[in-house]
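The values are calculated or read from the model by the stated rules, or taken from the named source; none is laboratory data. All values derive from a computational prediction rather than experimental measurement. When we count neighbours, we look across all protein chains shown, and the Cβ atoms used for this are built from the backbone with ideal geometry, even at glycine. Protein only, heavy atoms only, side chains kept; ligands, DNA and RNA dropped before computing areas. Shrake-Rupley method; radii C 1.70, N 1.55, O 1.52, S 1.80 Å.
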Amino acid sequence: MRDIRNIAVIAHVDHGKTTLVDELLKQSGTFTAHQEVDERVMDSNDIEKERGITILSKNTAIDYEGVRINIIDTPGHADFGGEVERVLKMVDCVLLLVDAQEGVMPQTKFVVKKALQLGHRPIVVINKIDKPGSDADRVVDEVFDLFDQMGATEEQLEFPVIYAAARDGYAKLSLDEPNENLIPLFQTILKEVPKPKGSDENGLQLQVFTLDYDNFIGKIGIARIFNGTISMGETVTLVKADGEKVKGRVTKLIGFKGVERFDIKTAGTGDIVAVAGFETIDVGDSLCDPANPMPLDPMHIEEPTLSVTFSVNDSPLAGQEGKYVTSNKLDERLASEMNTNIAMNYEQTGEGKFKVNGRGELQICILAENMRREGFEFSIGRPEVIVRIVDGVKMEPFEHLVIDTPDEFSGSIIEKLGKRKANMTNMVPMGSGYTRLEFEIPARGLIGIRTEFLTETKGEGVMNHSFLEFRPHSGVVESRKYGALVSMENGEAVGYSIFNLQDRGIMFIKPQDKVYNGMVVGQHAKGNDLDINPIKAKQQSNVRSSGADEAIKLIPPKQMSLENALEWIEEDELVEVTPISIRVRKRALDANIRKRTAKKTKFA
Ligand SMILES: Nc1nc2c(ncn2[C@@H]2O[C@H](COP(=O)(O)OP(=O)(O)OP(=O)(O)O)[C@@H](O)[C@H]2O)c(=O)[nH]1
Ligand SMILES: [Mg+2]
C-alpha cells in the first residue's frame, strides 16, 4: 500500500488557509522551476479570484519524503460551512489555522466542533505570527478553552501546536526558533496525521465528496478510497444515497498532484482520486465492489437556515439583456446546482417561482452571480430565515456574532443590535482603541445589517457570524428605516429630473438609465415610499438659455451591487437580475395595487 496522509485545512475566513497551501506546494517542490503560478492558486474560479475568498473546497497532493500528502483546502466563510462539513469525513486529520491576532472567531468554533465530533485531533497552526499585534500564547489558550468547551477528549486536548507565517513561508515548533521554512510543519504532518485505515485487500469502498464536470467526459466524482483498489475500465457498483444500485464502468481515473491532473491506471486505499463514467453520480454516493456492495454512511450536513425566492423576470424590461429567461431554464439550472451542493436545496412554490434554501446571503448571492454571468435573467426576493416547528414551538436560527470596532462606536452598535434582538454575551478591549463585542442574535436580525454597520463604524468595523442553533422565535425585529423612491413612468431617466429629485434621498440611477413604472430608483430620506417622475424633461422655451442645462450638478448615484440590493429590499420589493443590470423594483408595479396592499397589511 502507498504511504499516504490526508488532511484538510480549516479555519475562520481569511486566517490564511489558501496561502498556506500555496507554500506547502512550493516548498515540497511540486512546481517545476519555471512554472508560473498565481498567488493563492487553489482559489481557481473567477469569483474566488475577484473576491479573494475560497468558495469551493478543492484538493491537491504533494509528495514529501516519499509520502503522498493529500490536502483539501476549505472555505472559511460561514455560508460555505457545508463544504467543510463534508470534507472533514474524507481526511484523517485537520490543520486548524487560527490568526495569531484575531484568535478564535465564530467560524473557528463551527469547524472545531465538527472536527472534534468526527474524532479528529487537530494540528493547531497559529498563523500570521508576523503581525505586529500577534499574541500567539493568548491564542493557544483560547484554542485550548474552545476545545474544552466543545467536549474534547484528553487526547484531543493534547493537540500539537505550530507557529507560522504562511505568507512568509515559515513554521516552527516554538516561538523562539528562527524563521526558516515549513519543514517543521511537514514533519509534524508526517508524525501526527494517522495513516489511512482500511486495506487494498478489501472490497472497494469509495465515497464522493465533490463533483466536477468536463465537456468530453461528463460528470466526475472526486472521492476518497476507504477500502480496496479501483482501476481504469473496471466495472463497479454505484450506490446512491437512497440505496439505489447501478453497475457501471470506470471510463476515466484521474490522479492529482499540485495543480495538475493526469490519467492513472489504478489507485488504492487512502488515496483521493477523480472518477468518471457514472452519469448519475452525486456527492455522498459510494462506489463499491459489485460482488459485495457495502456503501459508506450517507453524509449528514447541517440544514439550510435562509431562503430566497428566485422567479421568472416579469418586469417590463424582461428578456432584453439575458439569454435564459424561462421557468424551465431556471428550474434546470437550480437542479444542477443542488446536485453539486448538498448544503443547498430548492422547491418550486408556484408558477415560475423557486424557493432556494441555503446557509446565508453570500452563498445565495454567489449562485445568483454565477447565473447572471452564464446569461440568466431572473428576479429574487428578500431573504427569509427558515422557521421550524419543534414540539409545537416555532423555532428560528440564531447566530453567534463577533464584532471588532473602534471603541467610540461600541455604544451605538450595541443599541442598534438591541433593536434587532441581539443579546450581548461578551465585551472585551482588544487594545489599540478597539473593542470586541460578542452577541447571540436571531439570523433575521442580521439580514440587511452589513451596509448599515459599515456606515456606522466608518468602514473600520469588522463583523463575523456563524450558525449557532435553532431557538424559539423571538418576535419582531427592526427593518429598513427608509422608504423607496418609485418611478411612475416608463422610459429613460433624464438628468434634469434627477437633479430636481436628488435632495429627496439617495438616487440609484443616472441619466439615460431605463426605468419603468414601479421600479425603485432611489432611497427616500423619509420612512414612506414616494412615487416620482424621473423622466420629465425641462420645458423647452423658444429662446435657448445658453448652457443652463450643462450647469446642473448630479450627485453620483449609489451603485447597487447584487448583495447591496438583496440586503436593501423589503418584502414588497424584488431585485431584477440580468447579465448587465441589477435593478430594484416593487413586486406590484401598479401604484394602485401597491397602495391597496399596503393598506391591507397596515390594518391586518
Ligand atoms: N500578515 C500575514 N498575512 C497573511 C499570512 N498568511 C496569509 N495572509 C494574508 O491573509 C489574507 C487571506 O489569506 P487567504 O489564504 O486567502 O485566507 P483563507 O483562509 O484561505 O481565506 P478563505 O478561504 O476565504 O476563508 C491574504 O491577504 C493573505 O496574504 C501571514 O502569515 N501573515
Ligand atoms: Mg481560502
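Structure notes:
- Region 43-57, subset within 11 Å of ligand 1 (Cβ to nearest atom) and touching a residue at least 40 places away in the same chain (Cβ under 8 Å), residue most open to solvent (accessible area, probe 1.4 Å): LEU56
- For region 143-186, filtering for residues that are assigned to a loop (DSSP other than H, G, I, E, B), under 26 Å from GLN107 (Cβ atoms) and within 16 Å of ligand 1 (Cβ to nearest atom) leaves 6.
- With respect to the conditions (1) under 30 Å from PHE110 (Cβ atoms); (2) assigned to a helix (DSSP H, G or I); (3) open to solvent by 40 Å² or more (accessible area, probe 1.4 Å), MET338 lacks only one, and its number is (3).
- Test for ALA443: is it under 20 Å from GLY358 (Cβ atoms), of a type in the set (Gly, Ala, Ser) and at pLDDT 90 or above: yes
- Strands (runs of 3 or more DSSP E) contained in region 357-468 and holding at least 1 residues open to solvent by 20 Å² or more (accessible area, probe 1.4 Å) and more than 30 Å from GLU332 (Cα to Cα): 388-390, 393-406, 423-431, 434-442
- Filter result for the condition that a residue is at pLDDT 90 or above, more than 11 Å from ligand 2 (Cβ to nearest atom) and within 25 Å of ILE123 (Cα to Cα), over ILE53, ILE72: ILE72
- Residue among ARG40, ARG5 that is at pLDDT 95 or above, open to solvent by 10 Å² or more (accessible area, probe 1.4 Å) and either in a loop (DSSP other than H, G, I, E, B) or more than 16 Å from ligand 2 (Cβ to nearest atom) (or both): ARG5
- Tally, over region 276-321, of residues that are of a type in the set (Asp, Glu), open to solvent by less than 50 Å² (accessible area, probe 1.4 Å) and closer than 26 Å to ALA115 by Cα: 3
- Residues of region 248-272 classified as of a type outside the set (Val, Ile, Thr) and either assigned to a loop (DSSP other than H, G, I, E, B) or under 21 Å from GLY198 (Cβ atoms) (or both), total: 9
- Residues that are in contact with a Ser or Thr (Cβ under 6 Å, 6 or more places away or on another chain) and over 15 Å from SER466 (Cβ atoms), drawn from region 81-115: VAL87, ALA100, GLN101
- Test for ARG121: is it under 23 Å from THR153 (Cα atoms), in a loop (DSSP other than H, G, I, E, B) and among the charged types (D, E, K, R): yes
Conditions tested, residue by residue: (1) assigned to a loop (DSSP other than H, G, I, E, B); (2) touching a helix residue (DSSP H, G or I) at 6+ places or on another chain (Cβ under 6 Å); (3) touching a residue at least 60 places away in the same chain (Cβ under 8 Å).
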| residue | (1), (2), (3) |
| --- | --- |
| PRO196 | yes, no, yes |
| SER199 | yes, no, yes |
| PHE209 | no, yes, yes |
| ILE222 | no, no, yes |
| THR237 | no, no, no |
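- The residues listed here are VAL9, VAL37; of these, the one that is within 13 Å of ligand 1 (Cβ to nearest atom) and under 26 Å from ASN370 (Cα atoms) is VAL9.
- Residue that is most open to solvent (accessible area, probe 1.4 Å), among those in region 469-481 that are in a loop (DSSP other than H, G, I, E, B) and under 30 Å from GLU85 (Cα atoms): HIS473
- Extreme residue, farthest from ligand 2 (Cβ to nearest atom), among residues of region 58-69 that are closer than 18 Å to SER44 by Cα and of a type outside the set (Val, Ile, Thr): ALA61
- Residue in region 76-83 that is touching a Lys or Arg at 6+ places or on another chain (Cβ under 7 Å), under 24 Å from PRO184 (Cα atoms) and within 14 Å of ligand 2 (Cβ to nearest atom) present: no
- Residues that are modelled with pLDDT of 95 or more, open to solvent by 10 Å² or more (accessible area, probe 1.4 Å) and within 30 Å of GLU36 (Cβ to Cβ) do occur in region 240-252, at least one of them.
- Figure legend. Inter-residue proximity from region 21-42: first residues over 13 Å from ILE62 (Cβ atoms), second residues away from ligand 1 (no atom under 14 Å from the Cβ) and open to solvent by less than 80 Å² (accessible area, probe 1.4 Å), beta-carbon distance below 8 Å, spacing 6+ or different chains. Indicated pairs: VAL37/PHE31; VAL37/VAL259.
- Residues of region 342-354 that turn out to be closer than 18 Å to MET299 by Cα and modelled with pLDDT of 85 or more, as a count: 3
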